[in-house]
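Rule-based calculations on the coordinates, nothing more; no lab input. Note that the structure is a prediction, hence the values are computed from the model and not measured. FYI the Cβ positions are ideal-geometry reconstructions off the backbone, even for glycines, and counts take in every protein chain you see.
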Number of protein chains: 2
Amino acid sequence: MSTAQETAGGELQPWAEVTPDAARRLLVAAVEAFAERGYHATTTRDIAGRAGMSPAALYIHYKTKEELLHRISRIGHEKALDILRTAGGRAGSPAERLADAVSSFVRWHAGGRTTARVVQYELDSLGADARAEIIALRRQVDAEVRAIIEDGVAAGDFDVPDVPGTTLAVLSLCIDVARWFNVDGPRTPEMVGDLYADLVLRMVGADRRKRSGADGQK
Amino acid sequence: MSTAQETAGGELQPWAEVTPDAARRLLVAAVEAFAERGYHATTTRDIAGRAGMSPAALYIHYKTKEELLHRISRIGHEKALDILRTAGGRAGSPAERLADAVSSFVRWHAGGRTTARVVQYELDSLGADARAEIIALRRQVDAEVRAIIEDGVAAGDFDVPDVPGTTLAVLSLCIDVARWFNVDGPRTPEMVGDLYADLVLRMVGADRRKRSGADGQK
DNA sequence: CCCGATACTGAGCGAGCGCTTAGCATGCCC
DNA sequence: GGGCATGCTAAGCGCTCGCTCAGTATCGGG
């Protein structure tokens, strides 16, 4: 009970950077509550209660309820961007890099569905300034995926008539995993990641031989 | 001002079945408000105000705020199902029917983004009974798309290793259009519909000749 | 010309919201 | 061991929420 390595939902904690301990517990509680009920339907009393504290304790570590959402959203987007950059920057053919990027991005959305849901679907609840900051991060996410697709087109490996549109569709497909993925369902995050990597390679017209060789990593 | 054929957002009104007139005005106002701010962040005073009425007027036509969301969600899902059934039931090859279904489904999500947003993303705000009813409608939507894909596999036109997973991905891709589509953006609903029909045919492995012949309808 | 039904409004109730404040325990420096 | 940040709680403020209710304007039927 003292070492909180997992949430009640059972997912790994990427919140180690949040200190002190009480601030992290509040933030993790907020992620769970926002994911379950949505930002506006979550009360500060609920967040504090999940963290085992009184409602007033929240305001020692955060100025407002919105600051909690802002922090969650920024850290989450930075993590998502990091995942894509790592995959996109690795050696290998464009098809391998795209498959790697998609499968790890999808695994993050499925496995950390609680976090991903808040990050991807509560953006509108932020105020104008915070939203602008997050939108800038999203543009970097988009650029990362587009760069891989453009590499594949330039190398002649992909057949993509509309690169911006296809980039949008690929990201949309991955992000929406956070909406429908069910931890108790029949699919593991790894299975969805592999399935989606294959579907995306088909979308960009990577030929069959390249495709079957690219989705073999863990 | 008396004949309300369009909302403030400019989309066509599929709400003709809602009577009397005051009840429809309230429902249209609720759709706009829910789409802009979300269900929980919308107040009954806001809905009534948009419809040009006092807060109390809402409760003459609807028992609760939730009943409004329920009605919107049911009518919306029935419309979405109707679109898919029409496309899926037409004559033609599986590839043509799938392209037709996807492009019209996507056009509905993009063009009627206001409505589609509420229908697809406010499901969790419904109570248990209402949610169960809507989920049953969603299963019918899923079955409709899966049937077309199974037809294509049976006919040897499609190459789909995981039919349920691919069905899920195709629907997810279409539904998420309601989240990102921007009326002021560079793409019309028709353009997105055509792009997505092509991408989905690639996902199911319809061969190139069939693909280029299937997305030529309006 | 009055009647009841219908559609609506103005005022406001009880509840719960985000957030504040006064005060209490703890631990560290001197 | 006294002084004082630090981190927390109990209580509650001001406000807005979903919703209610008594009262009013309108109108078709007898």
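Couplings for region A:170-176, taken from phi via the Karplus curve 6.51 cos²θ - 1.76 cosθ + 1.60 with θ = phi - 60°, read 4, 5, 4, 4, 5, 5, 5 Hz in order; Gly and Pro are left as x. The mean number of partner chain beta-carbon atoms within 10 angstrom of a residue's beta-carbon across peptide A:167-173 is 5.
Once the Cα atoms are used to define both axes, helix B:189-203 deviates from the longest principal axis of chain B by about 40 degrees. Between copies, the label points of B:A41, set 7 Å from Cα on the Cα→Cβ line, lie 1.5 nm apart, reported in increasing order to one decimal in nanometres. Annotation: amide H of A:V204 has no partner in the under-5 Å range at sequence separation 5 or more or interchain, hydrogens built in the peptide plane. Remark: region A:1-158 is approximated by an ellipsoid whose semi-axes, taken from the C-alpha gyration tensor as √(5λ), come to 34, 17, 12 Å, largest first.
With distances taken between every two different alpha-carbon atoms, the protein assembly as shown has a Kirkwood hydrodynamic radius of 23.0 Å. When B:A22 is represented by a point 7 angstrom out along its Cα-to-C-beta vector, the spacings to that point in the other copies are 5.3 nm, nearest first.
Just checking the listed ones, B:P189, B:P94, B:P20: in the Gaussian network model of chain B with Cα springs under 10 Å, the one fluctuating most is B:P20. Karplus-based coupling profile of region B:113-130, in residue order and whole Hz: 4, 4, 5, 4, 4, 5, 4, 8, 10, 10, 4, 5, 7, 7, x, 4, 5, 4, with θ = phi - 60° in 6.51 cos²θ - 1.76 cosθ + 1.60 and x standing for Gly or Pro.
Label points for A:E67 are taken 7 Å from Cα along Cα→Cβ. From this copy to the others they lie 4.3 nm apart, shortest first.
The calculated 222 nm mean residue ellipticity attributable to helices in the protein assembly as shown amounts to -21500 deg cm²/dmol, summing -39500 (n - 2.57) over DSSP H runs of n ≥ 4 and dividing by all residues. Computed across region A:66-214, the Kirkwood hydrodynamic radius from all distinct Cα-Cα pairs reaches 15.6 Å. Lys-Lys pairs in the protein assembly as shown that are eight or more residues apart or on separate chains and whose Cα atoms lie under 21 Å of each other come to 4. Return the whole-Å distance between the Cα centroid of region A:64-118 and the Cα centroid of region A:30-45. Each part's Cα centre sits 22 Å from the other's.
Here the 3J(HN,Hα) profile of region A:59-70, calculated from phi with Karplus coefficients 6.51, -1.76 and 1.60 at θ = phi - 60°, is 7, 7, 9, 9, 5, 9, 4, 5, 4, 4, 4, 4 Hz, Gly and Pro shown as x.
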